[in-house]
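The values are calculated or read from the model by the stated rules, or taken from the named source; none is laboratory data. Note that this is a predicted model, so its numbers are computed, not measured. Reconstructed Cβ throughout: ideal geometry from the backbone, glycine too, with neighbour counts over all protein chains shown. The area values use the complete protein model at the heavy-atom level, side chains included, leaving out ligands, DNA and RNA. Shrake-Rupley method; radii C 1.70, N 1.55, O 1.52, S 1.80 Å.
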Amino acid sequence: MEDHPTPESLQELVRGGLPAERTRAVVAHLVQGCGRCLAVVVSRYQALVGLPRVEHPLTPEQDAGYDAAIDRAFAAVRAFVARARPAAAGGEPAAMASPDSLRLDTLLAQSSAARYQSPERMIELAEEATRVAASLTSPGPGLHTPRQIADLQCRAWAELGNAYRVADDLGGAEDALGRAAELFTRGTGDESLRARLFDLLASFYGARRRFEMARTALEVALGIYRRQGDGQLAGRALLKLGTYTGYAGRPEEAIRLTREGLARLDEERDPGLVFVAVHNLARWLTDCGQFREARKLLWQNRARHEHAGGDLNLLKIRWLEGEINAGLGELERAENAFRAVHEGFAEAGLRYTAAVAALDLATVWLRQGRDAEARHLALEAAQVFLVLRIHREALGAVLILQKALEVSQASAALLESVARFLRRAEDDPTARFEPKA
């Protein structure tokens, strides 16, 4: 490792102008783990694909984000050079790393990093990755076989499909993921790529509210993660399984899956995911009537609320606390929570969500004997739902409630069941309403 490639050689590697024999020598050097040369390659690719340079001091949050982006870039480089290692006996020869495949890795890493800041930028970078992958139309000297090229193209299209999903362009996501699946059939059958593709398909099916298909796809990915011994990815898959199972109206099974997923996760690697999982677990416990256990779970995890991700998610936590209080018969505390949630979502312009919270508040008032106030608020909420043109099953639930309110026959149980159904219907339009007397 004493003979490092010259800066000019590393620059030419990035630009794609290095002769094939010299390319193999430089990549062999990188494979040995030379951090100094990896840093040079990463810096050259920063300029090539637009990773922003630091022109002024960063805030602590920006600094952490920049460090994370650099870490992802290094990970991309290491994944790139790992492809230059000899293949296992009897397998297809490993692809020699190429500048274009390194650029592809870097573009996809940047696309992933842009997810929470700019879905549009996420799409732009993934689209550029598909163009880079498309340029690999024929193998270069010792670089890639046709099947390995198909793998690279599959990966780019799969990540583009995910970017479209994040941006709520489900039609674009369906087309891109379909293209990725087609390319996968032409590739090497790589297990890690198969797992990633099915994981992303599950997220797409979840966004389409096709929960059973999402579960089937996730089970394929989960089986691969388990065989590979990747506890973190297996944990994430289990948590997603739990979420889709809960949305499908099976909270007991969702509790089991969520607990199993949490047990596999390394919280330091993804604290935000752990927060969401804990909140979901409290949600399923509440739906099962296990109010004290749900309250204990929320209380033990209050320190994680910093990962809630904004005021609206904090309102959702407050809402769940209100449901727990109501379930335990602590009506004054429940009233205060539901009032704050109703007002908070109304101020945010989320009329549907605010109206559901209004039904919860009306339920508490009805249980407190404040019938006139409860009836007035619930009728106002019903009018909001009718104006919003909700889907047929939800509309049926609202009309049943409205009729009962008009003849002063609406019980607390009916209000509660309608509110719970409307919360579920927002996640699962296929849900069916079963009113309580």
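Can you give me the number of residues within the stretch 405-437 that are aliphatic (A, V, I, L, M), closer than 25 Å to E335 by Cβ and crowded, with 19+ Cβ neighbours inside 10 Å?
8
Looking at the stretch 252-275, can you tell me whether even one residue there is in contact with a Gly (Cβ under 9 Å, 6 or more places away or on another chain), at positive phi and at pLDDT 90 or above?
No, the stretch 252-275 has no match at all.
Here is a yes/no grid of residues against (1) of a type outside the set (G, A, S); (2) at pLDDT below 85:
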{"position": "L379", "(1), (2)": "yes, no"}
{"position": "R392", "(1), (2)": "yes, yes"}
{"position": "I400", "(1), (2)": "yes, yes"}
{"position": "S411", "(1), (2)": "no, yes"}
{"position": "E416", "(1), (2)": "yes, yes"}
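Report yes if A404 is of a type outside the set (D, E), over 20 Å from G289 (Cβ atoms) and in contact (Cβ under 8 Å) with a residue 40 or more places away in the chain, otherwise no.
For A404, the condition - of a type outside the set (D, E), over 20 Å from G289 (Cβ atoms) and in contact (Cβ under 8 Å) with a residue 40 or more places away in the chain - is not met.
Return the only residue of R236, R227, R215, R208 being over 24 Å from A133 (Cβ atoms), out of contact with any helix residue (DSSP H, G or I) (no Cβ under 7 Å at 6 or more places or on another chain) and open to solvent by 20 Å² or more (accessible area, probe 1.4 Å).
R227
From the list R196, R179, which one is at pLDDT 90 or above, out of contact with any Gly (no Cβ under 6 Å at 6 or more places or on another chain) and under 20 Å from Y244 (Cβ atoms)?
On inspection, the qualifying residue turns out to be R196.
For the condition touching a residue at least 60 places away in the same chain (Cβ under 8 Å), among the aliphatic types (A, V, I, L, M) and in a loop (DSSP other than H, G, I, E, B), what is the one hit in A410, A431? Reasoning before the result, please.
Values: A410 fails: touching a residue at least 60 places away in the same chain (Cβ under 8 Å).
Exactly one residue qualifies, and that residue is A431.
Picking from E268, E252, E293, E323, which residue would you name as being buried (at least 17 other Cβ atoms within 10 Å of the Cβ), assigned to a helix (DSSP H, G or I) and of a type in the set (D, E)?
E323
Given A340, A334, A346, which one is more than 21 Å from G246 (Cβ to Cβ), without any contact (Cβ under 8 Å) to a residue 24 or more places away in the chain and not polar (S, T, N, Q)?
After applying the criteria, what remains is A346.
Right, A346: open to solvent by less than 40 Å² (accessible area, probe 1.4 Å), in a helix (DSSP H, G or I) and among the aliphatic types (A, V, I, L, M) or not?
For A346, the condition - open to solvent by less than 40 Å² (accessible area, probe 1.4 Å), in a helix (DSSP H, G or I) and among the aliphatic types (A, V, I, L, M) - is not met.
Please enumerate the residues belonging to the stretch 211-241 that are in contact with a Leu (Cβ under 9 Å, 6 or more places away or on another chain) and polar (S, T, N, Q).
The answer is Q232, and nothing else.
Here is a yes/no grid of residues against (1) of a type in the set (K, R); (2) within 22 Å of the chain's Cα centre (by Cα); (3) assigned to a helix (DSSP H, G or I):
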| residue | (1), (2), (3) |
| --- | --- |
| Q117 | no, yes, no |
| M122 | no, yes, yes |
| L160 | no, yes, yes |
| R179 | yes, yes, yes |
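Between a residue in the stretch 214-236 that is within 22 Å of F275 (Cβ to Cβ) and among the polar types (S, T, N, Q) and any residue that is part of a helix (DSSP H, G or I) and open to solvent by 20 Å² or more (accessible area, probe 1.4 Å), which pairs come within a Cβ distance under 9 Å, given they are 6 or more apart or on different chains?
Listed pairs, sorted by first residue: Q232/R264; Q232/R269.
Would the stretch 375-382 turn up any residue that is closer than 19 Å to G249 by Cβ, assigned to a helix (DSSP H, G or I) and open to solvent by less than 60 Å² (accessible area, probe 1.4 Å)?
Step one: of the stretch 375-382, the residues closer than 19 Å to G249 by Cβ are none.
Within the stretch 375-382, not a single residue is closer than 19 Å to G249 by Cβ, assigned to a helix (DSSP H, G or I) and open to solvent by less than 60 Å² (accessible area, probe 1.4 Å).
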